[in-house]
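Any read-out appearing in this document is the output of simple, stated calculations on the displayed coordinates, not a laboratory observation. Note that the structure is predicted; figures quoted are calculated from it, not measured. Neighbour counts run over all protein chains shown; Cβ positions are idealised from the backbone, glycine included.
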Amino acid sequence: MDLRLYSRVLWRFRVIVVVGFVLALGLTVLTVARVSFKNGRPAVSYRQQETWQSTTRIFVTQGGNPLVRAVSTKVIPIGPQTNGTSNYVPVQSDPTRFASWAALYANLATSDDVRRFMVRKGPLPGAVQANTEQVPGLGTPLPFLSLSGVATTPEAALVTARRATEALISYVKKQQDELKLPADQRV
């Protein structure tokens, strides 16, 4: 690579290089900003409003947090009991079931039923987005649910995310109460 040759060519066409650079810079600014004239003076403003996002994360598990236990605490007695001893088998359940629940709750979070819970405290100042979490690089689902509030101010985004979280939890609790589920069977 001959740097002297490149520098001589750039110097020879310096006017074109400078005009091209200024034009590229100006077009870059115009993609983000709008230039208008107020009282004879140019005024620069954003083409769109800023968008703020606040995210809450919900860990989908059940009472006693079975995902952090190394040993199952539930057992089923099996076979005849001899010599005064009991034979038990630990109850094993699918460890990915909570990731499946998280996917279900992500869909519920943006449903009309949950939205009705959100607007009980007044109009919602932003939009709600719900996503499940995955292991980076692997795509394996995790039992986490992210609820994001998107709005034009940081405060409105925070309020939206909090109300979405409260509404989803209240909705699920209401459904569980109506079914009269015992506490140890609730997610």
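Some observations on this one:
- In this structure, Gln176 and Ile76 have a Cβ-Cβ separation that, at R0 = 25 Å, corresponds to a calculated FRET efficiency of about 0.55.
- Kirkwood Rh and Cα Rg combined as Rg/Rh, the range 3-46: 1.27
- Backbone geometry of the range 110-121 corresponds, through the Karplus equation with coefficients 6.51, -1.76 and 1.60 at θ = phi - 60°, to 3J(HN,Hα) couplings of 9, 7, 5, 4, 6, 4, 4, 5, 5, 8, 4, 8 Hz, x marking Gly and Pro.
- Each stretch of four or more DSSP H residues adds -39500 (n - 2.57); spread over every residue of the chain, this sum gives -13000 deg cm²/dmol at 222 nm.
- For the chain, modelled as a GNM whose springs connect Cα atoms under 10 angstrom apart, the maximal fluctuation among Trp101, Trp11, Trp52 occurs at Trp11.
- Label zone at Glu50 (point 7 Å along Cα-to-Cβ), backbone N below 11 Å, the range 27-42: none
- Helix 3-12 axis versus longest C-alpha principal axis of the chain: approximately 60°, rounded to the nearest ten.
- Under 5 Å between amide hydrogens, built in the peptide plane, is the criterion, and for Arg186 it picks out Gly63 among residues at least 5 positions away or on other chains.
- Extension gain (nm, one decimal) between Leu25 and Arg57, 0.36 nm per residue minus Cα-Cα: 7.5 nm
- Cα gyration tensor of the chain - equivalent ellipsoid semi-axes, whole Å, descending: 58, 28, 9
- Two-decimal Rg to Rh for the range 118-177 - Kirkwood Rh, Cα set: 1.07
- Whole-Hz ³J(HN,Hα) from phi, Karplus 6.51 cos²θ - 1.76 cosθ + 1.60, for the range 40-57, glycine and proline x: x, 10, x, 10, 10, 9, 5, 5, 10, 5, 5, 10, 10, 9, 10, 10, 10, 10
- Efficiency of FRET between Asp94 and Ala127 - r from beta-carbon atoms, R0 45 angstrom, step 0.05: 0.85
- Rounded to 0.05, the FRET efficiency of the Thr152 and Leu104 pair, given R0 = 25 Å and the Cβ-Cβ distance, is 0.25.
- Phi-based couplings in Hz for the range 23-38 (Karplus 6.51, -1.76, 1.60; Gly and Pro marked x): 5, 4, 5, x, 5, 5, 5, 5, 6, 9, 10, 10, 9, 10, 10, 10
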